[in-house]
1. Condition check: of a type in the set (Lys, Arg) and either open to solvent by 60 Å² or more (accessible area, probe 1.4 Å) or modelled with pLDDT of 90 or more (or both). Does LYS375 satisfy that?
2. Tell me whether the range 264-273 contains one or more residues that are under 30 Å from ALA369 (Cβ atoms) and surrounded by fewer than 19 Cβ atoms within 10 Å (Cβ to Cβ).
3. I need the full set of residues from the range 97-122 which are in contact with a Phe, Trp or Tyr (Cβ under 9 Å, 6 or more places away or on another chain) and open to solvent by 100 Å² or more (accessible area, probe 1.4 Å), in order please.
4. On the basis of being assigned to a helix (DSSP H, G or I), open to solvent by less than 30 Å² (accessible area, probe 1.4 Å) and not hydroxyl-bearing (Ser, Thr, Tyr), does PHE214 make the cut?
5. If you check THR258 against the conditions, is it over 19 Å from TYR153 (Cβ atoms) and modelled with pLDDT of 90 or more?
6. Which residue is nearest to PHE187 (Cα to Cα), if the candidates are limited to the range 325-356 and must be at pLDDT below 90 and open to solvent by less than 30 Å² (accessible area, probe 1.4 Å)?
7. Just for the range 403-421: of the residues that are open to solvent by 50 Å² or more (accessible area, probe 1.4 Å) and over 20 Å from ALA373 (Cα atoms), which one is nearest to the chain's Cα centre (by Cα)?
Amino acid sequence: MEQAPPDLQRLLHPAPLEPLGHPDAGLEAAVGEESEGARGDEGAGDGTVGEPGGLGLEKTLMFLAVWQGVVQRTWLNGGIVENGMTENNFWLKKIEISVSEAEKRTGRNAMNMQETYTAYLIETRSVEHIDGQSVLTDSLWRRYSEFELLRNYLLVYYPHVVVPPLPEKRAEFVWHKLSADNMDPDFVERRRIGLENFLLRVVSHPILCRDKIFYLFLTQEGNWKETVNETGFQLKADSRLKALNATFRVKNPDKRFTELKHYSDELQSVISHLLRVRARVADRLYGVYKVHGNYGRVFSEWSAIEKEMGDGLQSAGHHMDVYASSIDDILEDEEHYADQLKEYLFYAEALRAVCRKHELMQYDLEMAAQDLASKKQQCEELATGTVRTFSLKGMTTKLFGQETPEQREARIKVLEEQISEGEQQLKSKNLEGREFVKNAWADIERFKEQKNHDLKEALISYAVMQISMCKKGIQVWTNAKECFSKM
């Protein structure tokens, strides 16, 4: 017997925020808009990438059918599909997303000033077949700022989710031979890989992957920014000052989130130190390898004045030159491992964002409870005619006399209505808080598993690379020894 799909509305959007709607409805709306655009622009374009129409209607419908089919089958299988594959892997098996190119461009910004920026080509392709036809690859260009806009939107609408971080905008923790210029080709290439990793993180997330705005980010080139801004997510974003106020004034913080916040601080500190150490080691290692090039030069010069020993010295010098030049590729490979560590350096801030949201919700809950208790006390004092605490109203009564019974009854009635509303609000905030904690902690546990796996693999791979590098050094000197033996 098939399991009924769960309440997608509740899973897509946490209770405290205004939902965007059912994911399928959002995708259908997107197709509806595409359909209208196609009818309105008949003859004006062929739906190719770079034109205002974005995807053609037929291609959009085909892609949508695959997207919705994947979602529905995933729910019907309870999140687990054939061969024991998890839902996250299932998505990556059905939808291929890549950031394949980076291109330097020049244009005018919002202030009408000329600027140079880098655009990235996103290619999205379904590996499913519909009616015997494979869905063609769709591609569009995005700037880094558009990736930032997408992530900011996800942070606001999914506050209980540890939203994947973007790669660094400018190079950090660099060693002296590495350029810190954000237009440097090597840096742009590493950022391209990081942006692709960000999209893969989002598409493999069980909640974020179903978002309408994310779908449009991959398929709608024109007017995407306007669509995001129409959601009004900026108005829902919590201010830094408000979050800081809640941090210091909340009375009963959740111990688990407090510990998580401290952990994120420590994780960031540890990875920062690790990256600094790695940069210093890279500097010194680069010098050591390049000094071996001096061996090659000396052996080559020496070979010119020796008749019997010349060939051996020349060969040994060649091995030293090869060894000295190999450090460039080695340190380039190391940068990719450093970028993996940097991802979790930035993940620490994503963890703190979840903790800050919980503190804000807890603070609002405590303020609501405090306000309700105050109103109940006022109502009790009016009903009994006794004032237990100092108040401006009590002082006014002493100066100008008591209220009439009618005035007191009217005030009691207003307070009773406010108390009733306050109790409902407090109950609602309690439920929202519990739902947030439940969803947030489930996602945090998912993140912990991901983090443990990724960092373990990265550190093992880094160790293997270091071992390989040392073996190459041993091999170079072994070859040199053989050259010396033949002299």
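The values are calculated or read from the model by the stated rules, or taken from the named source; none is laboratory data. These figures come from a predicted structure and were not determined experimentally. As a convention, Cβ positions derive from the backbone with ideal geometry for all residues, glycine included, and neighbour counts pool all protein chains shown. SASA here: full protein model, heavy atoms, side chains in, ligands and nucleic acids out. Shrake-Rupley method; radii C 1.70, N 1.55, O 1.52, S 1.80 Å.
1. Numbers: of a type in the set (Lys, Arg): yes; either open to solvent by 60 Å² or more (accessible area, probe 1.4 Å) or modelled with pLDDT of 90 or more (or both): no.
Against the criterion (of a type in the set (Lys, Arg) and either open to solvent by 60 Å² or more (accessible area, probe 1.4 Å) or modelled with pLDDT of 90 or more (or both)), LYS375 does not qualify.
2. If we filter the range 264-273 for residues that are under 30 Å from ALA369 (Cβ atoms), which is where we start, we get 264-265.
Imposing the further condition that a residue be surrounded by fewer than 19 Cβ atoms within 10 Å (Cβ to Cβ) reduces the set to 265.
The answer is yes, given that some residue of the range 264-273 is under 30 Å from ALA369 (Cβ atoms) and surrounded by fewer than 19 Cβ atoms within 10 Å (Cβ to Cβ).
3. Listed by number, the list holds a single entry, LYS104.
4. On the way: assigned to a helix (DSSP H, G or I): yes; open to solvent by less than 30 Å² (accessible area, probe 1.4 Å): yes; not hydroxyl-bearing (Ser, Thr, Tyr): yes.
Yes, satisfied.
5. On the way: over 19 Å from TYR153 (Cβ atoms): yes; modelled with pLDDT of 90 or more: yes.
Against the criterion (over 19 Å from TYR153 (Cβ atoms) and modelled with pLDDT of 90 or more), THR258 qualifies.
6. Checked the range 325-356; the qualifying residue nearest to PHE187 (Cα to Cα) is GLU335.
7. Applying the first criterion (open to solvent by 50 Å² or more (accessible area, probe 1.4 Å)) to the range 403-421 yields 404-411, 413-414, 416-418, 420-421.
This time we only want the ones that are over 20 Å from ALA373 (Cα atoms), so: 404-407.
Details: THR404: 62, PRO405: 61, GLU406: 60, GLN407: 57 Å.
Among them, the one singled out is GLN407.
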